[in-house]
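Quick notes on the structure that follows.
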Amino acid sequence: MNLSIVDLAPVRDGDSATDAYANTVDLAQTAEELGYSRFWVAEHHGMADSIASTTPETLIAYLAAETDEIRVGSGTVLLNHYQPFKVAETFGSLDALAPGRVDLGLGRATGIPAADRALGTERKKRNPDKDHAEKIEATVNHLYDGFGDDHPYAELTLPRSADDTPETWVLGSSPSSAEIAGELGLRYCFAGFIRPNLAERAFETYRATFEPSPLEAGPDDPTGMLALNVACAETDEEAARLRSTAEASYQRMRRGVVGSLPPVEEAIDELGGVPEPTPNPLPDGDRPRAISGGPETVADLLGQLTDRVGVEDVIVQNLIADHDDVVRSHELLADAVGL
């Protein structure tokens, strides 16, 4: 199994964005030492008091300079906010700065209405899937010189490294995003911490629609990765305590409070107690948004979830309140799967 990390640069109580970014750099360096494959940073807007990862392209450049080998990328660039050419220019520049190490994860999401208005984003599209597919295809065409000689954009050039191009992924949480990835022949990452019940159907759709990219912008065969929220500690019970922050955060999101990361004891109070440890094995039909356990338990759970969808790559998000606990969770997880 290959493991990666996606980080939100959470701003914890009493901290600033500077502290959050320092923690992100520390985690990326730790991930590299532990043998993780990739380190991605997210894009969220209008919640900077709780999530400092607003501009993944800025963080990627800094993370690339502060690490040596680990792949760094976006999880995700929200393409509904931007024009494809600008995204391609940005990631061509990043690849020139860190050749062969940059991942471009492309997705979409609407956020806080005021933030979307400030970004000039249309929240409603007549055909959102078609629009998203066209934007992804245009971004790939810019990156891989896919426009024909008679196309108005054929003469546009990008900053580039000598031999590499950013590795492009489609990120999503529905079969429609999977279909876009398959039809364009790109790599696909499913956000299992958003809509876990759709994971199997999404990957089935991806494989059924996959056609290799004529531009060689993707793999020859379907290539997928599953994103999961994971808390790992020395015991199942301690890991469940850490997972309480994730569970409380999900409850807050259902009430419209997005991005908050309550301390463990506050989360436990809101939940009315410590969550039960994630059962192992998972019951049939049980697809949790967040899992937890000791190293052996979590390794088993990851095996079960990846077997269900037929992938070998997992990218881990966690909503753990304390940064030291975050680092320790990833250390235990790396050892559990034999990185």
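The values are calculated or read from the model by the stated rules, or taken from the named source; none is laboratory data. None of these values were measured; they are calculated from a predicted model. Please note: Cβ atoms are built from the backbone with ideal geometry, for glycine as well, and neighbour counts cover all protein chains shown. Each accessible area value is taken on the protein alone, full model and side chains, heavy atoms only, with ligands, DNA and RNA left out. Shrake-Rupley method; radii C 1.70, N 1.55, O 1.52, S 1.80 Å.
Determine the order of Met1, Met47 by accessible area, beginning with the largest, at a probe radius of 1.4 Å. Intermediate results must be reported in sequence, preceding the final value.
Working: Met1 80, Met47 20 Å².
From most exposed to least exposed: Met1, Met47.
Working from Cα positions, state the angle (0 to 90°, nearest 10) between the long axis of helix 199-209 and the longest principal axis of the chain.
In the chain, helix 199-209 runs at an angle near 20 degrees to the longest axis.
Over the chain, with every protein chain in place, what whole percent of the accessible area is carbon and sulfur at 1.4 Å, could you tell me?
Details: 6920 of 15060 Å².
About 46 percent, which is the carbon plus sulfur part of the accessible surface.
Run the helix sum for the chain: -39,500 (n - 2.57) per DSSP H stretch of 4+ residues, divided by residue count, reported at 222 nm to the nearest 500 deg cm²/dmol. Don't skip to the answer; put the middle values down first.
Numbers: 11 runs with 143 residues, N = 339.
Mean residue ellipticity, 222 nm, calculated: -13500 deg cm²/dmol.
How many Å² of accessible area per residue for the chain, probe 1.4 Å? Please list the in-between numbers first.
Values: 15060 Å² over 339 residues.
On a per-residue basis, the chain sits at 44 Å².
Go through 187-197, 52-62, 158-168, 78-88 and give me the packing order, highest mean Cβ count within 10 Å leading.
Numbers: 187-197: 22.8, 52-62: 20.6, 158-168: 17.5, 78-88: 19.1.
Packing order, densest peptide first, comes out as 187-197, 52-62, 78-88, 158-168.
Please work out the Cα center distance from segment 177-247 to segment 318-339, rounded to the nearest Å.
20
With a 10 Å radius around each residue's Cβ, average the other Cβ atoms per peptide and rank 141-150, 235-244, 102-111, 116-125, highest first. Each step should come with its number before you reach the end.
On the way: 141-150: 14.9, 235-244: 21.3, 102-111: 23.0, 116-125: 12.2.
Ranking, from highest mean packing down: 102-111, 235-244, 141-150, 116-125.
Taking the alpha-carbon centroid of each part, what is the distance from segment 94-115 to segment 1-58 in angstrom?
13
On C-alpha positions alone, give me the angle between the axis of helix 84-97 and the longest principal axis of the chain, in degrees, nearest 10.
Helix 84-97 sits at roughly 70 degrees to that axis.
So what is the relative contact order of the chain, in percent, for Cα pairs below 8 Å that sit 6 or more residues apart? List each step's numbers first, then the result.
Working: 695 pairs, mean separation 56.9, N = 339.
After rounding, I find 17 percent.
Once label points are set 7 Å from the Cα along Cα→Cβ at both Lys124 and Thr235, what is their separation, rounded to one decimal in nm?
So the two model labels end up 5.4 nm from each other.
Rounded to the nearest 10 degrees, what's the angle between the helix 295-309 long axis and the longest principal axis of the chain, both from Cα atoms, 0 to 90?
40
Could you rank His44, His330 by how accessible they are, 1.4 Å probe, largest area first?
Working: His44 65, His330 5 Å².
Sorted descending by solvent-accessible area, the residues read His44, His330.
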